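Here the structure comes first, spelled out in structure tokens, and everything after it is commentary.
The values are calculated or read from the model by the stated rules, or taken from the named source; none is laboratory data. None of the values given here were measured: they were computed from a predicted structure. Please note: Cβ atoms are built from the backbone with ideal geometry, for glycine as well, and neighbour counts cover all protein chains shown.
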Amino acid sequence: MKKTFIALKPLFIFAFILTSFIACDKDFSSIDSDVLGKANANFNTSKLNIEELLAYNKKLKNIQVNGLNTNLLGVYNDPVFGQTTASIVTQLTPTSFDPDFGDNPVIDSVVLSIPYFSRQTGTENDVPQYVMNEQDSLYGEDKINLSIYRNNYFLRNFNPNSQDQETQNYFSYAENTPSNTEHFVVTESSEVNFDTQKGELIFNDPAFIPSNKAVVTKTGEGEDATLSYGAPALRAKLNVDFWKTTILDKEGSSELSNPNNFKNYFRGLYFKAEAIDGKGSMTLLNLAASGATITIHYSKDSTSDSESKVQATYALNFSGIKLNTLINDYSTAPEPLVDGDNTNGDQIIYLKGAAGSMAVIDLFGNEDADNNNIPDALENFRSEFLDADGETPAKLINEALLVITEDQSLTGGDDHKYDRLYAYDVKNNRPLIDYEFDTSENTTFPAASKVVHLGVRDTLSTSPLTYGYKIRITEHLKSLVFRDSTNTKLGLVISNNVNYTNTVNILNSTDDVTKIPAATILTSKGTALYGNNTTDDKKIKLEIYYSEPK
């Protein structure tokens, strides 16, 4: 391996080395000189470039699509991977049961409201102004055909094939379906086509596009009227006759008496998105928000004055099961997404959200394992940083960077400037320890969160101009060397929210990857990066900066 010596500021080195020594279980020899400066320091700082990594593609198929914290809706055309279409199936739950709608109830309107993810940028004439873009999970700017149907398929809470009443999970069926216009999911024992399970059409907008305008609510009439403003949301007036028959006419019935009866009677809604002339836009809907409701506004006879009417409401929310259906059309992709070469690695690794593709990175290659199931390459690496006893540190790891370069021939332009990558521990399905050490968390703006560990897409060189990522895995590498960890395999995905670290299951996985980060399901985007199996100098590599006694 090549060693490149670098110079660091002596004061910084002294402070860093001193605190690191205190943290180590076994100390280095003490620093002999009280005089700072390169000539007097009793250690050298060096750099290792490790290029013997293994990086290969893993095609994602049958990924869990229920239990997500948000849901995709719309159509997105990726310049590399083609078109992704996302629809939603969701249960509804009344906010109260056994309702009394009063005498002679008449529905005035039925309003659907589901918040988007947006940011307020200021006010104009006292009206809040909002922005929605890729940083806030809005992709594209073209219209889609949005239809909302009654769903007739019963979504189960529990898996009937489980001995322990495990939750029923639903998994993606995103490609090679019988039809690229119908939306499917699969379970352990069946496939479900929601287009054959749809009931009445209760709303249609043939030219729907998400709006970043504030939601205006008017209260009162005439001079007493007041206006209030809310964040942007999908707002729609639904068919009044449908809700009269479905809800108001069921007053006093068992269907409205408790949650189980209601969910069996009214099995939810199917939000279906369709492209218009092959184009569209994609956004995230916050169905878990308190403001995500269907509200029936109605009037009823006053109990004190038979001549007047009283205004009332009855609301339903989306607190039941919610799932995404996905269609990935890769017909325009430069090459198909397939499982890669897990022996030699791949030239290009493809990260695609919405049940597309991820990468597996083995930091120490794919060498034969010894009796302790520790790769030989890792043992060789440990021997460079430990004394002959195999325990005492001989060198101190200051920083470790996983450097990954974009393939500009596939990802040129501004389409990828907001991309974020997320690395995780494949064996334990959890974030790396460096994630926990990173204090740069931004809870309100995920695009600017965890930038110390995960970095952001940035310029790696100016001649030629190349873009890529530097992911800090310093603490993870220290665990491999000094704490006998053997978790050499990392999963790498594209993510729309690096704060969201929950994982979802893969149906019938047959390899090391049994779960993936849920956030990668919720981005329709993808990117192409250099792997290890290439002679190009842009291949993936590990840069290690370390110190050692003279």
Residues of segment 367-417 that turn out to be modelled with pLDDT under 85 and part of a loop (DSSP other than H, G, I, E, B), as a count: 12
The one condition in (1) part of a loop (DSSP other than H, G, I, E, B); (2) among the small types (Gly, Ala, Ser); (3) surrounded by fewer than 17 Cβ atoms within 10 Å (Cβ to Cβ) that ALA312 fails to fulfil: (1)
Segment 466-507, residues that are within 23 Å of TYR173 (Cα to Cα) and not in a loop (DSSP other than H, G, I, E, B): GLY491, LEU492, VAL493, ILE494, SER495, THR503, VAL504, ASN505, ILE506
Hey, LEU460 over 25 Å from ASN342 (Cβ atoms), assigned to a strand (DSSP E or B) and hydrophobic (A, V, I, L, M, F, W, C) or not: yes
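Would you call GLU379 within 30 Å of VAL65 (Cα to Cα), surrounded by fewer than 17 Cβ atoms within 10 Å (Cβ to Cβ), in the same structural domain as GLY345 (by TED's automatic domain parsing) and not hydrophobic (A, V, I, L, M, F, W, C)?
Details: within 30 Å of VAL65 (Cα to Cα): no; surrounded by fewer than 17 Cβ atoms within 10 Å (Cβ to Cβ): yes; in the same structural domain as GLY345 (by TED's automatic domain parsing): yes; not hydrophobic (A, V, I, L, M, F, W, C): yes.
Spelling it out, it is not the case that GLU379 is within 30 Å of VAL65 (Cα to Cα), surrounded by fewer than 17 Cβ atoms within 10 Å (Cβ to Cβ), in the same structural domain as GLY345 (by TED's automatic domain parsing) and not hydrophobic (A, V, I, L, M, F, W, C).
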Residue list for segment 142-171, restricted to those being farther than 25 Å from PHE203 by Cβ, at pLDDT 90 or above and among the hydroxyl-bearing types (Ser, Thr, Tyr): THR167
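When segment 320-353 is examined, which residues are found to be among the aliphatic types (A, V, I, L, M), under 20 Å from ASP407 (Cβ atoms) and in contact with a helix residue (DSSP H, G or I) (Cβ under 9 Å, 6 or more places away or on another chain)? If you could, list the steps in order and put the result at the bottom.
Going through segment 320-353, the residues among the aliphatic types (A, V, I, L, M) turn out to be 321, 323, 326-327, 333, 337-338, 348-349, 351.
With under 20 Å from ASP407 (Cβ atoms) added as a condition, the list becomes 333, 337-338, 348-349, 351.
Listed by number, the residues that qualify are ILE348, LEU351.
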Residues of segment 243-254 that turn out to be more than 36 Å from the chain's Cα centre (by Cα), buried (at least 17 other Cβ atoms within 10 Å of the Cβ) and either part of a loop (DSSP other than H, G, I, E, B) or without any contact (Cβ under 8 Å) to a residue 60 or more places away in the chain (or both), as a count: 1
Selected residue [modelled with pLDDT under 95, surrounded by 22 or more Cβ atoms within 10 Å (Cβ to Cβ) and aliphatic (A, V, I, L, M)] from LEU138, LEU48, LEU73, LEU60: LEU138
Out of LEU421, LEU454, sole residue that is of a type in the set (A, V, I, L, M, F, W, C), crowded, with 21+ Cβ neighbours inside 10 Å, assigned to a loop (DSSP other than H, G, I, E, B) and under 17 Å from the mean Cα position of the chain (by Cα): LEU454
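A quick yes/no check of all residues on (1) exposed (fewer than 11 other Cβ atoms within 10 Å of the Cβ); (2) of a type in the set (A, V, I, L, M); (3) closer than 19 Å to ASN151 by Cα; (4) outside the structural domain of SER137 (by TED's automatic domain parsing):
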{"position": "PRO210", "(1), (2), (3), (4)": "no, no, no, no"}
{"position": "LYS213", "(1), (2), (3), (4)": "no, no, no, no"}
{"position": "GLY220", "(1), (2), (3), (4)": "yes, no, no, no"}
{"position": "ASP224", "(1), (2), (3), (4)": "yes, no, no, no"}
{"position": "ARG235", "(1), (2), (3), (4)": "no, no, no, no"}
{"position": "VAL240", "(1), (2), (3), (4)": "no, yes, yes, no"}
Number of positions in segment 519-533 that are closer than 20 Å to ASN57 by Cβ and not in a strand (DSSP E or B): 9
Selected residue (criterion: modelled with the highest pLDDT) from residues of segment 471-506 that are surrounded by fewer than 16 Cβ atoms within 10 Å (Cβ to Cβ) and of a type outside the set (S, T, N, Q): ARG483
Number of the condition not met by ASN429 [criteria: (1) in contact with a Lys or Arg (Cβ under 7 Å, 6 or more places away or on another chain); (2) crowded, with 20+ Cβ neighbours inside 10 Å; (3) in contact (Cβ under 8 Å) with a residue 60 or more places away in the chain]: (2)
Every residue from segment 148-173 that is more than 19 Å from SER189 (Cβ to Cβ) and surrounded by 19 or more Cβ atoms within 10 Å (Cβ to Cβ): ILE148, TYR149, ASN151
Qualifying position, being over 30 Å from PHE117 (Cβ atoms) and basic (Lys, Arg), among LYS489, LYS525, LYS515: LYS489
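Within segment 274-292, which residues are surrounded by 14 or more Cβ atoms within 10 Å (Cβ to Cβ) and either without any contact (Cβ under 8 Å) to a residue 60 or more places away in the chain or part of a loop (DSSP other than H, G, I, E, B) (or both)?
Taking segment 274-292 and keeping what is surrounded by 14 or more Cβ atoms within 10 Å (Cβ to Cβ), we get 274-276, 279-289, 292.
Scanning segment 274-292 gives GLY280, SER281, ASN286, LEU287, ALA288, ALA289, ALA292.
Go through segment 78-125 and tell me which strands (runs of 3 or more DSSP E), entirely inside it, have 3 or more residues that are crowded, with 20+ Cβ neighbours inside 10 Å and over 19 Å from the mean Cα position of the chain (by Cα).
Working: elements: 82-90, 106-115, 119-124.
Counting at least 3 such residues, we get 106-115.
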Within segment 458-496, tally of residues that are touching a Ser or Thr at 6+ places or on another chain (Cβ under 6 Å) and without any contact (Cβ under 8 Å) to a residue 24 or more places away in the chain: 1
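Got a sec? Which strands (runs of 3 or more DSSP E) wholly within segment 130-242 have at least 3 residues that are under 22 Å from the mean Cα position of the chain (by Cα) and more than 19 Å from ILE294 (Cα to Cα)?
Numbers: elements: 144-151, 184-186, 191-193, 198-208, 215-219, 226-230, 233-237.
Hits in segment 130-242: 184-186.
Residue-wise test of (1) buried (at least 17 other Cβ atoms within 10 Å of the Cβ); (2) within 30 Å of LEU432 (Cα to Cα); (3) of a type in the set (S, T, N, Q).
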residue	(1), (2), (3)
ILE294	yes, no, no
SER299	no, no, yes
SER306	no, no, yes
GLY320	yes, no, no
LEU323	yes, yes, no
THR332	no, no, yes
GLY345	yes, yes, no
ALA359	yes, yes, no
Every residue from segment 414-466 that is closer than 22 Å to LYS58 by Cβ, out of contact with any strand residue (DSSP E or B) (no Cβ under 6 Å at 6 or more places or on another chain) and of a type in the set (Phe, Trp, Tyr): TYR435
